[in-house]
Amino acid sequence: MIRALTLATMLVALAIPATAHAQTTPAESAAPATLDWMVGEWSGKGKLFGRNSEVELTVRPVAAGAAYSLDYRIYVAADGDATELRFAAHGFFQRGKGRKWHGRWVDNFGNLHDISGTLDAQAMTTVWGSPSTEIGRSSYSIVGGQLQIVDWALGKEGSFNEFARSKLNHK
């Protein structure tokens, strides 16, 4: 009886890795994507809350490409009653399983957000924030040779509303 239980336990233990592997999605088993396509210095024009803006982004790999830092700057000139606006932020993205990424975001407006995201060959979509602050979504993608960044915030009505869009050229 003990031999039968031991044999059954060994068979179950041997089957677990095969079962776990069978449940792994192709994206998780594929080699993880990198943010290498974003690395470098970028600059261009955009819109922030409907106003023309000048945008700069610097992306650097850290820890041998296991993570990336993003330094993001937006400048909006004073216009009539609208005052000058300077936005500066630092993001840190770390590789997770497969095409998943996570990180943190801090900016000069006092925000500190957790970030989670998914990555394709030349596009990343992130979700950031929390219900106690705000929830948003950002996308980074190469469109026509330019880096396009689009940001949305979750509105009270439950839908995401675009508040920023920019197209940047590699310096």
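The residues on offer are Glu134, Glu157, and the sole one that is among the charged types (D, E, K, R), surrounded by fewer than 12 Cβ atoms within 10 Å (Cβ to Cβ) and without any contact (Cβ under 8 Å) to a residue 24 or more places away in the chain is Glu157. For Val143, indicate whether it is among the aliphatic types (A, V, I, L, M) and either in contact (Cβ under 8 Å) with a residue 24 or more places away in the chain or farther than 20 Å from Leu48 by Cβ (or both). Yes, satisfied. At least 1 residues being touching a Pro at 6+ places or on another chain (Cβ under 6 Å) and at pLDDT 95 or above is the threshold, and among the strands (runs of 3 or more DSSP E) wholly inside the stretch 94-150 not one reaches it. Residues in the stretch 78-93 that are within 18 Å of the chain's Cα centre (by Cα) and either at pLDDT below 95 or hydrophobic (A, V, I, L, M, F, W, C) (or both): Ala88, Ala89, Phe92, Phe93.
Report, by residue number, each residue of the stretch 74-106 that is over 19 Å from Thr125 (Cα atoms) and buried (at least 17 other Cβ atoms within 10 Å of the Cβ). Within the stretch 74-106, Ile74, Val76 qualify.
The values are calculated or read from the model by the stated rules, or taken from the named source; none is laboratory data. What you see is a predicted model; the values in this text were computed from it and never measured. Methodologically, a virtual Cβ is constructed for each residue, glycine included, from the backbone with ideal geometry; neighbour enumeration extends over all protein chains shown.
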